[in-house]
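Okay, structure first, notes after.
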Amino acid sequence: MLISFSNERSRGELDVLVIDMPPGTGDVQLTICQDLQLSGSVCVTTPSKLALADAEKGIEMFTSMGVPILAIAENMSYFDSDDGERHHPFGKSIRESIEKLQRKGLQVSKSNVFQFPLSSETNYANDCGLPLCISRPINASKELDSFEQLASSVASQLFLLQHGNVQSDVEGISEPVSIKIGDKEFDVTSLHMTVDNSKQLFRIRLFSNEGATELKLDGKVLRMWHPKLGTPMQDEETVAVTQTSGCGTNHNVEHRSQQSYFFPCKLDKKGLYGYSIEWADGATIIYSMHSLAAAAAYGTES
């Protein structure tokens, strides 16, 4: 319903559309990442170890789907007692775990963690149905500062992403994933793909700051290519991939190496993650941008 609403409803120009998703990394999150071109994500968590474990899974999933992590919002982070002392009833904040997350290859930054206190003012605003940022009570200065810092950080990063100015010196946003072909580096995230059913091949366009290139990708090569890892597969691996949910929607596909069984096929772009290919033999496989770029580069080397 959400995807249909997003695609069909005419609402004119929008600055930002925020989608509040339920916790977890299930079908809802995967489908939205695949079917909508998300600019970024904000992870919401609490300081507890259990919540942090869920947050790590979410960050891993969004990163693997090509969705940048713009910020982490930590609810119920602390409270300040009347004597001015700060207490952390649910443990120290996620900041202390950032280095661990970075060692796992997760794209997070300490400067992009925003802490929200346990607050009677916030609770009262929720009960009244009047957002704190609108009512702006005098006693909620710390809460309002946290909201404003979060909004300012996300807005500035979205602006950079919108204009393609994603730089490594901007904390919290990683450089675009690139692939080297010859002596040139090309941005994988901007890859564009079309199919030529008459010639039974795909055309892969890759872009860089210096220009662009178009590569021809043989259908048989791609069908023997791992959709996520970006490496060639053996016959038995190909059968396993076409029978795995999430990569192939038809679970009873008999693998054939003949090109004629693969075409004509249909393409469907899956957000920032990649492309879904509905092959003529009934298999539907979702290939990541990285995998498609690697397959096209492999074709130029072989």
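The values are calculated or read from the model by the stated rules, or taken from the named source; none is laboratory data. For clarity, every value in this text was computed on a predicted model and none was experimentally measured. So basically every Cβ, Gly included, is an ideal-geometry build from the backbone, and we count neighbours across all protein chains shown. Ligands, DNA and RNA are excluded from the accessible area calculation, which covers all protein heavy atoms including side chains. Shrake-Rupley method; radii C 1.70, N 1.55, O 1.52, S 1.80 Å.
Of note:
- For 146, 141, the ranking by accessible surface with the largest value first comes to 141, 146, using a 1.4 Å probe.
- Nearby lysines by direct alpha-carbon distance to residue 49 (threshold 26 angstrom, same-chain neighbours under 8 apart not counted): 57, 92, 100, 104, 110, 142
- Mean-position separation - Cα centroids, region 22-48 and region 72-145, in angstrom: 20
- Taking 19 Å as the limit for the C-alpha separation, the pairs 220/266; 184/269; 199/270; 180/220 exceed it in the case of 184/269; 199/270; 180/220.
- Simple spin-label estimate for residue 133 and residue 87 in nanometres, 7 Å along Cα-Cβ: 3.0
- Modelled FRET efficiency - R0 22 Å, residue 149 with residue 37, Cβ distances, 0.05 increments: 0.25
- Model label zone, residue 156; criterion: amide N under 16 Å from point 7 Å along Cα-to-beta-carbon; scope region 35-77: 70-72
- Estimated inter-spin distance, residue 14 and residue 214, nm [label 7 Å along Cα→Cβ]: 3.3
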